[in-house]
Structure formats: C-alpha cells, structure tokens
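What follows is a short report on a single structure.
Read-outs throughout are calculated quantities, based only on the coordinates presented, and are distinct from any laboratory measurement. Remember, predicted model here, so these are calculated numbers, not experimental data.
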Amino acid sequence: MAAAVSTGPDRDRTRAVAVGAALAGAVVAPLLYLLATGAAQSEVEVIERSGRLLVEHATPYLDDPRSVVEVTPYLPGMALLGLPRAVLGGDGPVARVLGDARPWCAAVLLGCLWASGRAVTPVTGGTSRAVTPATGGTSRAVTPATGGGSRAVTPGTGGTSRAVTPATGGGSRTVLGALVASPVIALPFAVSGVDLPLAGLLCLTLAFASRNRPIGAGLALAAACSMKWTAWPAVCVVFALLAHRAGLRAAVRGGITTLAGTAVAVLPGVLLSPRAMAEQVFAFPTGRGEFATPASSPLPGRLLADLGPAGWYAAVGLLLAAGLAIGVSLVLRPPGHLVGAADRLALGLSAAFLLAPAGRFGYLALPVLLACWARAASPARPLSAPALVAPPRIRVLPAPEFTASKFTAKDVPA
C-alpha cells in the first residue's frame, strides 16, 4: 500500500503519506493486535515482573530464580517501564494495553527522538543584519528551524533572493518515520520493545552533547546506563565529543553527571541483592550464568563460544581488542560533530554485538538506528550565500585650496 501511494504526482506529500501508511501497516496494526491477544516475547514479561518486584521488594531481582524467565538481565532502570503493570494489575482491556511494557518503551523512544530533534534544531527566527556596500541599507538573514528560507537583500535593487534550507523539517521526520517502519525497527517495536528506550536515550545524549550541553547529555546517558550495561561504551564517545567541542571541563561535568545519575539508579539494587544482580545482569548475558541465555543467534562471538572454554575466551579477547581499538581512535581522532559521534558509537556497538559470546541479530537495530537518525537529524548547511559585510570606511581628506595670488613665476617649473 505504501509503495502504491508513493507513485503520486506530488513527491513530498505522497512520500509523507506513504510513510504514514507504512507505519500504520507495519507498526501500529501489529502492535495493537499483539496487545489485544497478549502475545509477546519473553522480554516483556521480564520487564513487567521486574516492575512488580521493584514495588514489592525494592529490587527487581529474585534471589533464587527457578527458570530462565525469572532471570532479570537488565539494570534497575528498566524496571520502571514495568511499573504500569504493577499499578494497574488485572486482565481487563485497559490494563492489557496500558499495563503492557511495549507502549511505554515505544513512548520513551518517540519522546526522545522528538526531544533530540528539538535539541539539534537551530534557534527559530534569529536574524542577522549586515550593511550593503552599494546603498548603505541592510540585508536580513533569517535562520529557520524547520526547512524555512533565508533571505538576503540584493545590493543595488533592494530585491530579495530566497534559498530553502532542508535542515530539520518535514524531510527528516519522513526519514525517521520510514526508519521506524522498516523491519529493523518495526519488528522489535511490536514484539518486545526492550531496546527501544535505550536507543532513544542514546540519540538524546548525542544530541545534547553535539550542542555543548553536558548536563543534559549526562542525565540522558545516566538514564540509558541504568537500563542496560550495553549503553556504557557510549560514555567514552560522549566524553570525547564534549571534550572536542566544549572543552575538557564540560566533558568532566558531563561524566560526573552520568556517574552520579547511574549510581543513584543502580546502587539500591547493588545493596539489596548484590549476588543476584551480578549473576543475572553480567554472568547470564555472557553465557556464564546458571541458565542458558536465549540470545543464541549464530554471530561470530557465539560460534566461537560454542567451541568450548578456549573459544569463549577467544571471543572475549576479540571483544576487548575491538573496544581498545575504538578507545584509541577516540583519543587520536575524537569525533567533532553529531554524525561522527553516532558512527563511532554504532561501530563500537556493532563490534560488541558481533563478538559477544551471546547475542541476537535484533541487537544490531540499535547501531542502525543511531547511524540513520544522526544523518536525518543533523542540521544541514544553509544554501544561501552569507550576508554581505560593509567594507571599512575610508576617510577622505579635503583637497588643499589654491588661489592664483599665491603663485609667482618662480613656482612654475622651467
């Protein structure tokens, strides 16, 4: 249906309608059907149970899990998304929809994408004036927020020329909508949603860091780091980006904010159930726990780990080597803009997911989303020429006045 709609004459309008049709057919309809029938992957049940445990015992971890579905491989921040189920309870239609963790995971993703788009959008309505050399008038350059134009007065005639800036307007929203409707995002969106809030928070972190806002970046990154430890590599990338753009002091402020926020969210679980948290959050996802992890896609790290202890250590060694290489690249060539930082983080996460002893193909949706989102949200350079600047004024001295009575014959050269 989306392909049929996209063949219309008006490219911009038909493209937006096609993306809307794709979202309705690939995301909204499957999600509503799965919510109504109660079908979901096991991750949804894990999040909802961890929210109930957080309310009842102040920790989302069971001390003695009896099966793999009772293991909570997430950090305590993820349990917040299971609180609606603990509060609503029951099995009615409202509780079935609003108590499910998937709509809340999707809400975090979409809210973070909206906020990150606002963070990287230039200030609306700002003007700059410059004197034109021809008439002494002024030219006004308008900085739009979403695909507006910039005007400059033409010297001599007073006319205006308009250039459209395709920075962060409807085009970027269409690209993001198409990305969400793609199978890479639409499938986890409907069946589990567990990595969606992590992806949205990382996008928001990079947006704040690219605009030299270390406190906002630190808070968003702390929220991500309190959900899954796979967000921890982003600390190095964000620190390098802030240090390159805003200086070392801003990077330190962002790092301290991240560490403090993560500690506040994670420390209660560490104090109340340290052994259960270590086994379920760190040992279980790497294949060293009591129960076998269901994340068993045939990725290189998993294939190595299946060879035995030597293969497991080889996979871990390759994983550490890849992390060291990314760290060295951040020191030697730190990212200086949003796209570069997102690409570096996506590269590191891709290496981690490929080389980890246990993993799933679905994990790769996170680096894909980061790389595509950064290119859609990054403000483009304006197409209009810069405003003319008045040349420096030159003071002209008055010419000396001569009278005929002051000249004599001897003043005339022979």
For the stretch 276-354, shape from the Cα gyration tensor axes a ≥ b ≥ c, cut at a/c of 1.5 then a/b versus b/c, turns out prolate
Any residue on another chain or 5+ positions along whose placed amide H is under 5 Å from the amide H of Gly359 is listed here as Ser296, Ser297
Residue by residue through the stretch 206-215, the couplings from Karplus 6.51 cos²θ - 1.76 cosθ + 1.60 with θ = phi - 60°, in Hz, x for Gly and Pro, are 5, 5, 5, 5, 5, 9, 6, 10, x, 5
Quick query: amide H of Gly99 versus all other amide H atoms, modeled in the peptide plane; which residues come in under 5 Å with a sequence gap of 5 or more or a different chain? none
List the residues whose amide H sits under 5 Å from the amide H of Arg213, counting only those 5 or more places along or on another chain, with H placed 1.01 Å from N in the peptide plane. none
From the backbone phi of the stretch 229-246, what are the Karplus-calculated ³J(HN,Hα) couplings (6.51 cos²θ - 1.76 cosθ + 1.60, θ = phi - 60°) in whole Hz, Gly and Pro given as x? 6, 5, 7, 4, x, 5, 4, 5, 5, 5, 4, 5, 5, 5, 5, 6, 8, 10
